[in-house]
Structure formats: C-alpha cells, structure tokens
Amino acid sequence: MISCSGGNMFTVPYSCRKNLSRNLLLLLVITSMLFAGCGDGNSKNELDISDDLIDESAIFENSSDFVYDNSQNLVKGKNTSNTYMIGLLKEKIATEPENTTLLNNIGFEMYKARRFEEALAYFNKALELDPEMGACHNNMGLIYFQQGLREKAAEAFQKCIDVDPDFVQAYSSLGLINFRLGRMTEAKTALSKALELNLKQTSELTEKMTVLKDKVVTDEDTKTLQSMEQELATKRSNDSISHNNLGLIYYQEQNFDKAEEHFIKALEADTKISVCLYNLGMIAMQKKNLTRARDYFRKYLAIYPDQINARAKLQEIEVALMNMAGSGEHPNTPAPAPAPMGLRVPDSQ
C-alpha cells in the first residue's frame, strides 16, 4: 500500500444502536493513487498532469468508547493498550457471556490487534445471539477488507445496512468497496445515501443540542452537551470523507466540475481533510487555471511542506507562469479536454 504524507487518523464517538453502548468511530484512512494522463506535449508551455490525484478514501470502524478498569467500573475514554483492553473485557465477559455489546467490543479490540480470526469468532457469537446487530456485520466487513476479500466485505456492509438502514458508516464503507471494485454507479449511490442520512442525523442532533443548551443546569447536562458536540464533529468528518470519495469518482470519470464541487464541500465540512487542496490543485491544472492551481498547492504545502509531488507541481506551475508572462500568453487559456484516464489501485491493501 502506498501511503500519503497527508494521511490522518481520527478517533471520535458515535452512538450505536440496538444493544450497543456509546461507540467510537475510528476513521482509518486508506491510501492509494489515481493516475491521470492528458495533453499531447506539443506546446512548450503545456504541463504534464499525468501525476497522482491523492485518493484519501476511508473505511469506517466501530468500537466502544467505554472500557472497564480493574474494578470493573465503566471508564469513558480510557487510553490503554489492546492487550490490556482484551484482558479486561475477557474478565467481564466471563460473567456476562451473552452480552452482545461486550462480544462486539472484544472482537473489535482483536481486530485492532490484527487477530482477525479471533475477532470474527466473537462477532459471529454476537450475531448468533442477535442477528440484527449491525455493528458486528460492519466490523466483519472491516476484517474482510483488510484481508483483501472485497466481495465478502461488500456483502458484510450490505448486511449491516439491511438490518440497520440508518447505519451511515456502512453506506460510506460500501461506497468505497464498490469504488475499489470499479462499480462506480453503485459507489455513487451508496456515498450519496451516506450524505443524505448524515445530513438528516446532523439536523436532528443540532436541534437536540439547541434544546439542551437552553436548560443546562447540572454537570451531567454539560457532559451530555460536550458529548453531543463531539458527535457533531464526527458527523462533519463523515460528511467530508464522503464528499472527498465522490470527488475521486467524478474525477476518474473526467467530470471535473462535479469533482471540484465535492472536494470544495469536503473542505467546507472539515478543514482537516487538507488532501482536498491537492486534489483541487490537480483539477485546476486539468482546467488550465494555473493561478488557481498554484494557490491550492501553496495552501497544501503550507500544511505538508515535505510533500514531494505537490512541491514538484508547484515548481512546474511557477515555471509555466513565468514563461507565459514572458510570451504574453494568458495563464488560464482553455485547453482541449484531457485524454481518457485509467484507475490504478493496489491489488492488496
């Protein structure tokens, strides 16, 4: 797998559904590359834009943000190792062997430790007790994805959606899997559904927060409000990633206007998704808007000054702009449409 210097990992809370305590949404950023070829090379000022559009698409993960300390009291947000967590959860599950939340949580800790077969055993046990536990289907999809079993991953995410149609993360993950499999129509459908659900849930959450702000009187109210604010930030990140992934799909289809629209929306939803600045720079180059491309790459490099591709692109643009200024040519002269592009994705993740 090729890693991107702009990759980030976010860990934020998420409210799970049936039989689940409050959950974390761990955003695992998975990187690959799109290669775009264009231009015939006849013009001395023409740029080579066959370089990489950064693909920072995402798979979404579920686990509990409640852990048990040695006295078996709930401790929220405790920072501890997988080994320690697994030990504590095993102690607890010995006394509650049919607690599906615990089974899911220990399975997820096994997954994070890359003990995939053990994780699957716990998820399957939970599903035997509760076949409609969406989080377990989702988490099994994560394992299959890591194992390179994309079709099985897609089936697991679809099962999650079947039992829990409001599970936003499963739609987002299914969209990415379909993207990897080259099923662009299905990918766009799933990602669009994720955006639709996320918008609805964000609106509902915002209304609840407004009501709570008007009546905050206790420490518990304050904690609840803080938790809701974190969840709102999570939803914004979800929204941003889905827009970014849609932008990648439209870029691959050479629909640069739609790609640009989604990359801009991704940045509006979450400015931390700075890779969109790079991708917007690539689109501006496709459109031969060199001054705009220069501005996007400068902003990206202000965040990631050591990113080699962006640095090379910026230098290339600045040379071209200097040549154009000397010849009196306008830097944003329209050019013919780019040649067809091909998607290149690593065979293994």
Can you name every residue in the stretch 269-294 that is more than 18 Å from Ala320 (Cβ to Cβ), of a type in the set (S, T, N, Q) and in a helix (DSSP H, G or I)?
Asn279
Of the residues in the stretch 204-217, those that are part of a helix (DSSP H, G or I) and surrounded by 11 or more Cβ atoms within 10 Å (Cβ to Cβ) number 6
Scanning the stretch 206-227 residue by residue, those within 30 Å of Leu176 (Cα to Cα) and touching a Leu at 6+ places or on another chain (Cβ under 6 Å) turn out to be none
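Is the stretch 199-210 home to any residue that is within 26 Å of Tyr296 (Cβ to Cβ) and within 18 Å of the chain's Cα centre (by Cα)? Break it down stepwise before answering.
Step one: filter the stretch 199-210 for residues within 26 Å of Tyr296 (Cβ to Cβ), giving none.
Scanning the stretch 199-210 turns up no residue that is within 26 Å of Tyr296 (Cβ to Cβ) and within 18 Å of the chain's Cα centre (by Cα).
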Among the candidates Ala302, Ala320, Ala325, Ala337, single out the residue that is over 23 Å from the mean Cα position of the chain (by Cα), at pLDDT 90 or above and of a type outside the set (Asp, Glu).
Ala320
Out of Asn289, Asn323, Asn279, sole residue that is of a type outside the set (A, V, I, L, M) and buried (at least 21 other Cβ atoms within 10 Å of the Cβ)
Asn279
Going residue by residue through the stretch 104-118, is there one that turns out to be free of Cβ contacts under 8 Å to residues at least 40 places away in the same chain and in contact with a Gly (Cβ under 9 Å, 6 or more places away or on another chain)?
yes
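Return a yes/no flag: does the stretch 129-141 have any residue that is within 28 Å of Leu248 (Cα to Cα) and surrounded by fewer than 24 Cβ atoms within 10 Å (Cβ to Cβ). Before the answer, list the steps.
Of the residues in the stretch 129-141, the ones within 28 Å of Leu248 (Cα to Cα) are 134-135, 137-141.
Now drop any that are not surrounded by fewer than 24 Cβ atoms within 10 Å (Cβ to Cβ), which leaves none.
No, the stretch 129-141 contains no residue that is within 28 Å of Leu248 (Cα to Cα) and surrounded by fewer than 24 Cβ atoms within 10 Å (Cβ to Cβ).
Residue under question is Glu109, and the condition is that it be over 23 Å from Leu181 (Cβ atoms), at pLDDT 95 or above, assigned to a helix (DSSP H, G or I) and not polar (S, T, N, Q); does it hold? Can you show your working first?
Working: over 23 Å from Leu181 (Cβ atoms): yes; at pLDDT 95 or above: no; assigned to a helix (DSSP H, G or I): yes; not polar (S, T, N, Q): yes.
Criteria not met by Glu109.
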Would the stretch 122-145 turn up any residue that is more than 23 Å from Asp166 (Cβ to Cβ), in contact with a Lys or Arg (Cβ under 9 Å, 6 or more places away or on another chain) and in a helix (DSSP H, G or I)?
no
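The values are calculated or read from the model by the stated rules, or taken from the named source; none is laboratory data. Given the structure is predicted, the values throughout are model-derived calculations rather than measurements. Here Cβ is always computed from backbone atoms with ideal geometry, including for glycine, and neighbour counts include all displayed protein chains.
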